[in-house]
Amino acid sequence: MARKTAKPKVTPCEPCKGTGEVSRTVHVGRKRRDVGQQTGICLNCLGSGEIPADD
Ligand SMILES: [Zn+2]
């Protein structure tokens with residue numbers, strides 16, 4: 001019953017879709033004006049883009 005479907009040991013990170021970066025909207029001023037998007041490191045995976053499996 002040995003299957004060859006080797007499961008990856010890591011899971012792609014959801015918030016960044018495995019890219020390690022997430023774009024967030026930048027607001028400026030009291031009116032919270034939307035000045036665009038900024039790319040930042042994904043805090044969920046810390047930029048690795050994948051979540052290490054526990055087992
Ligand atoms: Zn991530």
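The values are calculated or read from the model by the stated rules, or taken from the named source; none is laboratory data. All figures in this text were calculated on a predicted structure; none of them were measured in a lab. Cβ atoms come from the backbone with ideal geometry, glycine included; neighbour counts cover every protein chain shown.
Among the residues of segment 1-50, those that are at pLDDT below 90, among the aliphatic types (A, V, I, L, M) and surrounded by 10 or more Cβ atoms within 10 Å (Cβ to Cβ) comprise Val10, Val26, Val28, Val35. If you go through segment 3-55 and keep only what is within 16 Å of the ligand (Cβ to nearest atom), free of Cβ contacts under 8 Å to residues at least 40 places away in the same chain and small (Gly, Ala, Ser), you end up with Gly18, Gly20, Ser23, Gly40, Gly47, Ser48, Gly49.
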